[in-house]
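Please read the structure below before turning to the comments.
Read-outs: derived from the displayed coordinates by stated rules, not from any lab. These numbers come from a predicted model, not from an experiment. Methodologically, a virtual Cβ is constructed for each residue, glycine included, from the backbone with ideal geometry; neighbour enumeration extends over all protein chains shown.
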Amino acid sequence: MANITRFDPFEELARFQPLANFDDFFKGFRVRPWAGEGDFEPRIKVDVSEADAAYSVKAEIPGVRKEDIHVAIEGNQVSIEAELKKEKEEKKGEKVVRSERYYGKQSRSFTLGHDIDAGKSEAKYADGVLELKLPKKANGSTKELKVQ
């Protein structure tokens, strides 16, 4: 009995990865390649729990001032945005050996099963953890929360 296989003319194109060994090109150099395997793990890690009347959200956002965190609620969608500013400088005596800076924004949005009562929602930030208390409601509304 002969095996019959279906010919797919695009199969080779689907497996084509021109930058698959791009990291090997930079071995031995002290630079990081712009392409290749990156850190695709979300930087704002979120835990969501649900009770009968409300949702409780804990988001890990270390190293950020509470003034740089913005939470928006629209219906059943919650968006968290944080502005990061990191500066690092190494000195030996009076001579600067290395200086690094990073400025950027990170955001995370997710949808919940019920609309949120934005007027009764609360946000608190302490020790790198943002805690949200989001009461459920029948009608949707939009509000930006002030982080305490």
Amide hydrogen neighbours beyond the local backbone of residue 55, cut-off 5 Å, H modeled | 134, 136
Do any GluC sites (Glu not before Pro) in region 68-148 lie in a DSSP loop with no more than 10 other beta carbon atoms within 10 Å, and if so, which?
-> 94
Loop trypsin sites (Lys or Arg not before Pro), region 53-100, which have at most 13 other Cβ atoms in a 10 Å radius of their Cβ (DSSP) = 65
Residues meeting the amide H criterion for residue 84 (H placed from the backbone, H to H distance under 5 Å, 5 or more places apart or on another chain) are 104, 105, 106
Enumerate the amide H contacts of residue 115 below 5 Å, restricted to partners 5 or more residues apart or on another chain; note that Pro and chain-start residues carry no placed amide H.
-> 137
For residue 95, the lysines lying under 30 Å Cα to Cα, once residues fewer than eight places off in the same chain are dropped, come out as 27, 85, 86
